[in-house]
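S.K.: Below is a structure I'd like to ask you about.
The values are calculated or read from the model by the stated rules, or taken from the named source; none is laboratory data. If you're wondering where the values come from, they're calculated on a predicted model, not measured in any experiment. For neighbour counting, all protein chains shown are included, and Cβ atoms are generated from backbone atoms with ideal geometry for every residue, glycine included.
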Amino acid sequence: MKIPRLFLFGRTVELEKKIDDYYDMLSESAIVFRLAIRSYLKEGMTDDFHKRLKRVNKIESDADHLRRDIEAQLYIHTLIPDSRGDVLGLIETSDEVLSLFEGVLWAFFTEQPDIPAPFRANFRKLTNMVVKATDELTLGARAFFRAPYDVPAYNHKVMLYEKEADAISTALKREIFSSEKLSLAEKLHLREFVEHIDSIADMAEDVADRLAIYAIKRTV
């Protein structure tokens, strides 16, 4: 049986484009975040890291303006009234993921943690899993508007990447606390940054949980 495509917007092309633009920003912030962390792990605090931090700041600011514009358009023009609350909830929770990308980079910029070489590979792996979880969330959010039956497949990948991020995070924290070369203060500081990065995957999973409910409502 062919699964029907349930387009949400109909003729509201302008709103559809703005929401696409919003998720482009979330996707871009994930890419720039990964590049910033890679740069920090390789070279420490450099102009390259700062440039990428500024880029994520700009994306987050632009996304905030766009989110408010989308909200206003939904209410002022009374568009998609049956799904309006779900659309707003999805975008607002997605915005929390974007804000975490910015917040984690600011934490690196402000505190400049010293990450010993033996831990850097797992920091990179953790960052990769977080970004992959966000990428799948972005695909799922886009599918919600055009093909809600496809949402579970993307959400499943979000969950898989979040679990992998948790496993890497746990292993990394165990490595840190078993080190005989680090003081307790250094171990606690490194643990905070492991948890900062891992929190992005946790938030992506939270958004995916809400997205699953919104998609079910559109397909029943």
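S.K.: Out of the residues in segment 186-201 that are of a type in the set (D, E) and surrounded by fewer than 17 Cβ atoms within 10 Å (Cβ to Cβ), state the one that is farthest from the chain's Cα centre (by Cα).
M.R.: E186
S.K.: Still on this structure, I have one more. When only residues in segment 159-191 that are touching a residue at least 40 places away in the same chain (Cβ under 8 Å) and among the charged types (D, E, K, R) count, which is farthest from D135 (Cα to Cα)?
M.R.: Per the criteria, the residue is K181.
S.K.: Going residue by residue through segment 102-120, is there one that turns out to be without any contact (Cβ under 8 Å) to a residue 24 or more places away in the chain and β-branched (V, I, T)?
M.R.: Checked against the condition, which is being without any contact (Cβ under 8 Å) to a residue 24 or more places away in the chain and β-branched (V, I, T), segment 102-120 yields at least one hit.
S.K.: Suppose we filter segment 203-220 for residues that are in contact (Cβ under 8 Å) with a residue 40 or more places away in the chain and either among the aromatic types (F, W, Y) or outside any helix (DSSP H, G or I) (or both); how many remain?
M.R.: Summing the residues that are in contact (Cβ under 8 Å) with a residue 40 or more places away in the chain and either among the aromatic types (F, W, Y) or outside any helix (DSSP H, G or I) (or both) in segment 203-220 gives 1.
S.K.: Also: Would you check if there is a residue in segment 162-171 being over 21 Å from the mean Cα position of the chain (by Cα), part of a helix (DSSP H, G or I) and modelled with pLDDT of 95 or more?
M.R.: Checking segment 162-171: at least one residue is over 21 Å from the mean Cα position of the chain (by Cα), part of a helix (DSSP H, G or I) and modelled with pLDDT of 95 or more.
S.K.: Assess whether I200 counts as being part of a helix (DSSP H, G or I), in contact with a Phe, Trp or Tyr (Cβ under 7 Å, 6 or more places away or on another chain) and closer than 27 Å to A117 by Cβ.
M.R.: Answer is yes for this residue.
S.K.: While we're here: Which condition number does A153 fail, the rest of (1) more than 15 Å from S27 (Cβ to Cβ); (2) in contact with a Lys or Arg (Cβ under 7 Å, 6 or more places away or on another chain) being met?
M.R.: With (1) more than 15 Å from S27 (Cβ to Cβ); (2) in contact with a Lys or Arg (Cβ under 7 Å, 6 or more places away or on another chain) applied to A153, the lone miss is (2).
S.K.: Which of the helices (runs of 4 or more DSSP H) contained wholly in segment 10-116 include at least 2 residues that are aromatic (F, W, Y) and in contact with a Ser or Thr (Cβ under 8 Å, 6 or more places away or on another chain)?
M.R.: Once the helices (runs of 4 or more DSSP H) in segment 10-116 are filtered for at least 2 residues that are aromatic (F, W, Y) and in contact with a Ser or Thr (Cβ under 8 Å, 6 or more places away or on another chain), what remains is 13-43.
S.K.: Can I ask one more? Could you give me the residue pairs with C-beta distances under 6 Å whose first residue belongs to segment 42-67 and is within 23 Å of K18 (Cα to Cα) and at pLDDT 95 or above, whose second residue is part of a helix (DSSP H, G or I) and of a type in the set (A, V, I, L, M, F, W, C) wherever it lies, and which are 6+ apart or on separate chains?
M.R.: From residues that are within 23 Å of K18 (Cα to Cα) and at pLDDT 95 or above, the pairs are R55/V32; V56/V32; V56/F101; V56/L105; I59/M25; E60/L98; A63/M25; A63/L98.
S.K.: A follow-up question, please. Run K181 past the list (1) of a type outside the set (A, V, I, L, M); (2) surrounded by fewer than 16 Cβ atoms within 10 Å (Cβ to Cβ); (3) not in a loop (DSSP other than H, G, I, E, B) and report the number of the one that doesn't hold.
M.R.: (3)
S.K.: Suppose we filter A121, A143 for residues that are surrounded by 16 or more Cβ atoms within 10 Å (Cβ to Cβ) and of a type in the set (G, A, S); which single one remains?
M.R.: On inspection, the qualifying residue turns out to be A143.
S.K.: Also, I was wondering about something else. Is it the case that T110 is of a type in the set (V, I, T) and surrounded by 17 or more Cβ atoms within 10 Å (Cβ to Cβ)?
M.R.: No, not satisfied.
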